[in-house]
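Notes follow once the structure below has been shown.
The values are calculated or read from the model by the stated rules, or taken from the named source; none is laboratory data. Treat the numbers as computed from the prediction; the structure is a model and nothing was measured. Positions of Cβ are generated from backbone atoms using ideal geometry, with glycine treated the same way; all protein chains shown enter the neighbour counts.
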Amino acid sequence: MKDILSEIIAHKQTEIELQKQTVSLEQLREQAGNIIRENAAHRRSMKQALAASSTGIISEFKRRSPSKGWINEAARAEEIPASYEAAGAAALSILTDEKFFGGTLRDIRTVRPLVHIPILRKDFIIDEYQLLQACIVGADAVLLIAACLSPEQCSTLTTQAHELGLEVLLEIHSPSELSYINKEADMVGVNNRNLGSFVTDVENSFRIARQLREAPHRAVSPLLVSESGISDPETICRLRAAGFRGFLIGETFMKTGHPGETLKEFIRDSLSIDN
């Protein structure tokens, strides 16, 4: 079975080096510094938004995936994310990988002035360069994937993200990655998708949550986010009971003709189950 993650990371390394030839790391640092000075007070906390939300839903803007191909090729950043906010999303996840997911950084730049909720840059982040990009286009948080990074790289990127005013959603997908969790991570996401085969199994969130609870001497109790494979409100209720406060959902909404309306119905059904 082809390891999709390895293919993505190899391409990402090449992509970043080409970008650096056009705009240097030093130039990006200067741009980011200007942004921080101008907009430091306008950052939105994704962690606080999820903790305070009655739904905790992070609605994802995603046009395609490596396993499914095009999900919504014509999806417009000018329309769908704002409809997610209107429907009650607590936060947004915006895919910015172009080759494999059909997204770009322009999507975040387009969406930022149209919404007031936090935006997560979802990409395969392996370099400070990508954190600077996220800061410049207006993201509030970034995804760091344990499977892409060593613990040392993850720690360094987390520190760099915080220096830029960005929160970190640390993603794990297996028990072997529990050691990545430390007090520096703002949120911990459990990916229900196998990053080699891209097959989803939502039970992975329940397994990891149980292991977190049972881990001896674990002083860190992060805000937990379940990612991928969530397609019905009843699953949300079960995940909340297991300790999750964030629920990242993309394809369930994006594959429909009106993602915002689908989210609104999903939230209504979820709240009716809770009551």
Flag if Glu152 is at pLDDT 95 or above, of a type in the set (Asp, Glu), more than 22 Å from Ile71 (Cβ to Cβ) and not in a strand (DSSP E or B): yes
Within segment 232-266, tally of residues that are more than 15 Å from Ala51 (Cα to Cα), of a type in the set (Lys, Arg), part of a helix (DSSP H, G or I) and in contact (Cβ under 8 Å) with a residue 40 or more places away in the chain: 1
Failed condition for Arg44, given (1) touching a Ser or Thr at 6+ places or on another chain (Cβ under 9 Å); (2) part of a loop (DSSP other than H, G, I, E, B): (1)
Residue selected from segment 188-231 under the condition part of a helix (DSSP H, G or I) and surrounded by 16 or more Cβ atoms within 10 Å (Cβ to Cβ), by the criterion modelled with the lowest pLDDT: Leu212
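Name the residues in segment 155-167 that are assigned to a loop (DSSP other than H, G, I, E, B) and under 13 Å from the mean Cα position of the chain (by Cα), would you?
Hit for segment 155-167 is Leu166, nothing else.
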Criterion violated by Gly103 - all others in (1) part of a loop (DSSP other than H, G, I, E, B); (2) touching a residue at least 60 places away in the same chain (Cβ under 8 Å) satisfied: (2)
Hey, Ser176 surrounded by fewer than 17 Cβ atoms within 10 Å (Cβ to Cβ), polar (S, T, N, Q) and in a loop (DSSP other than H, G, I, E, B) or not: no
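Each row is one residue, and each column tells you yes or no for (1) surrounded by 22 or more Cβ atoms within 10 Å (Cβ to Cβ); (2) of a type outside the set (A, V, I, L, M, F, W, C); (3) farther than 23 Å from His42 by Cα.
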site: Arg112; (1), (2), (3): no, yes, no
site: Tyr129; (1), (2), (3): no, yes, no
site: Ala141; (1), (2), (3): yes, no, no
site: Ala147; (1), (2), (3): no, no, yes
site: Gln153; (1), (2), (3): no, yes, yes
site: Gln160; (1), (2), (3): no, yes, no
site: Leu169; (1), (2), (3): yes, no, no
Candidate set: segment 16-38, residues that are surrounded by 13 or more Cβ atoms within 10 Å (Cβ to Cβ) and without any contact (Cβ under 8 Å) to a residue 12 or more places away in the chain; chosen: the one nearest to the chain's Cα centre (by Cα): Gly33
Complete set of residues in segment 106-120 that are touching a strand residue (DSSP E or B) at 6+ places or on another chain (Cβ under 8 Å) and part of a loop (DSSP other than H, G, I, E, B): Val115, Ile117, Pro118
Which numbered condition Ala185 fails, given (1) exposed (fewer than 15 other Cβ atoms within 10 Å of the Cβ); (2) part of a loop (DSSP other than H, G, I, E, B): (1)
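Criterion first (aliphatic (A, V, I, L, M) and within 20 Å of Arg64 (Cβ to Cβ)) does Ile117 satisfy it?
On the way: aliphatic (A, V, I, L, M): yes; within 20 Å of Arg64 (Cβ to Cβ): no.
So Ile117 does not fit the description; no.
Please verify whether Thr256 is surrounded by fewer than 16 Cβ atoms within 10 Å (Cβ to Cβ), closer than 20 Å to Ile58 by Cα and among the β-branched types (Val, Ile, Thr), treating the condition exactly as stated.
Details: surrounded by fewer than 16 Cβ atoms within 10 Å (Cβ to Cβ): yes; closer than 20 Å to Ile58 by Cα: yes; among the β-branched types (Val, Ile, Thr): yes.
It is true that Thr256 is surrounded by fewer than 16 Cβ atoms within 10 Å (Cβ to Cβ), closer than 20 Å to Ile58 by Cα and among the β-branched types (Val, Ile, Thr).
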Residue check for Ala134: small (Gly, Ala, Ser), free of Cβ contacts under 8 Å to residues at least 40 places away in the same chain and touching a Cys at 6+ places or on another chain (Cβ under 8 Å): no
Checklist (1) at pLDDT 95 or above; (2) out of contact with any Cys (no Cβ under 7 Å at 6 or more places or on another chain); (3) among the hydrophobic types (A, V, I, L, M, F, W, C) applied to Phe124, failing item: (2)
Matching option when the condition is assigned to a strand (DSSP E or B) and of a type outside the set (Asp, Glu), among Ser93, Ser83, Ser54: Ser93
Residues of segment 121-143 classified as farther than 18 Å from Leu92 by Cβ and not in a helix (DSSP H, G or I), total: 3
